[in-house]
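Structure record follows, encoded as structure tokens.
The values are calculated or read from the model by the stated rules, or taken from the named source; none is laboratory data. Fair warning: this is a prediction, and the values are worked out from it, not measured in the lab. In this analysis, Cβ positions are derived from the backbone assuming ideal geometry, glycine residues included, and neighbour counts consider all displayed protein chains. Areas reflect the complete protein model, heavy atoms only, side chains present, ligands, DNA and RNA absent. Shrake-Rupley method; radii C 1.70, N 1.55, O 1.52, S 1.80 Å.
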Amino acid sequence: MKLGDIIEPLSLDVRTGSSSLGRAVTGVYVSDLLSDVMANSGEGNVWITLQTHLNIVAVAGLKNLTGIIVVSGRNVPADVLQKAEAEKVTVMTTQLSAFETAGKLYQMLYA
Amino acid sequence: MALNINEIIEDSFQLIGGNFATAGEASTQLKMKLTELGVDETIIRRAAIATFEAEMNVIIYAAAARLHYVITPRNITIRIEDMGPGIEDIQLAMQEGYSTAPDWVREMGWGAGMGLPNMKKNSDEFRIDSVVGEGTTVEMVINFP
Ligand SMILES: Nc1ncnc2c1ncn2[C@@H]1O[C@H](COP(=O)(O)OP(=O)(O)OP(=O)(O)O)[C@@H](O)[C@H]1O
Ligand SMILES: [Mg+2]
């Protein structure tokens, strides 16, 4: 499954890094603890979180994550989007909760 | 492993406490350098995790630090020397889940007490030294396969 394949089913708003939509989604990691994501997310994973500050960009970049989904309609500050765009990190937002987002992705990946 | 390293490669970074916006710059630079040298992906990932966690601890807990890395044909050494409060009980600090992070830092998703254990897990050699009231020095070595 490619990152581009999850945009419509999840009604994601692609905010940055739209050039990476052809990347493969290797799995999904759900966490709001950044050291946990550093330790346990896998290369190419999509990361579901409600964190919106600058450090999420560094985490996603350093772990080669395929993208970040910020859930529950949280606002992502402009400086975070700017840094994400500069570092080619794909940030997507959704009105859905983390549970709903993860549930849908689970269906798409494994059901 | 065929590595394009004939000489010693090193670099230094000045880290400033409280400067969350620059967090990850040193680890990203090191990652780029290792990628350019054609280093094994697993090694790059380990170095990136360990270096980033060290950067974050300086930003959260210390006033300032110098981060220095050295890449030789055999390994990578990352040394972070900070000026900060130091750590009273290193054994306790090394325990997974132990954290003194204030609430506002926890709200950012830091403070799980996983940073030091992550650093240790991702290094082949891990040394930490601390003097209360002066600072903390962490040295990590990651060997090439
Ligand atoms: N450079 C440092 N200077 C002073 N105290 C430190 C330093 N690094 C770590 N500590 C102390 O050790 C504790 C554990 O650190 P560790 O990195 O394992 O977890 P954390 O930073 O609290 O949370 P996480 O890394 O999961 O975000 C910290 O809460 C802090 O009390
Ligand atoms: Mg830490």
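Just a few scattered comments:
- Selected residue (criterion: most open to solvent (accessible area, probe 1.4 Å)) from residues of the range B:44-93 that are near ligand 1 (Cβ under 10 Å from one of its atoms) and assigned to a loop (DSSP other than H, G, I, E, B): B:E88
- Hey, B:S27 facing chain A (nearest Cβ under 10 Å) and either away from ligand 2 (no atom under 16 Å from the Cβ) or in a helix (DSSP H, G or I) (or both) or not: yes
- Residues of the range B:12-40 that turn out to be under 12 Å from the mean Cα position of the chain (by Cα) and open to solvent by 30 Å² or more (accessible area, probe 1.4 Å), as a count: 3
- Residue count for the range B:107-129, restricted to those that are more than 9 Å from every other protein chain (Cβ to nearest Cβ) and either hydroxyl-bearing (S, T, Y) or within 13 Å of ligand 2 (Cβ to nearest atom) (or both): 5
- Within the range B:113-129, the residues that satisfy the criterion of being open to solvent by 30 Å² or more (accessible area, probe 1.4 Å) and more than 13 Å from the chain's Cα centre (by Cα) are B:D124, B:D129.
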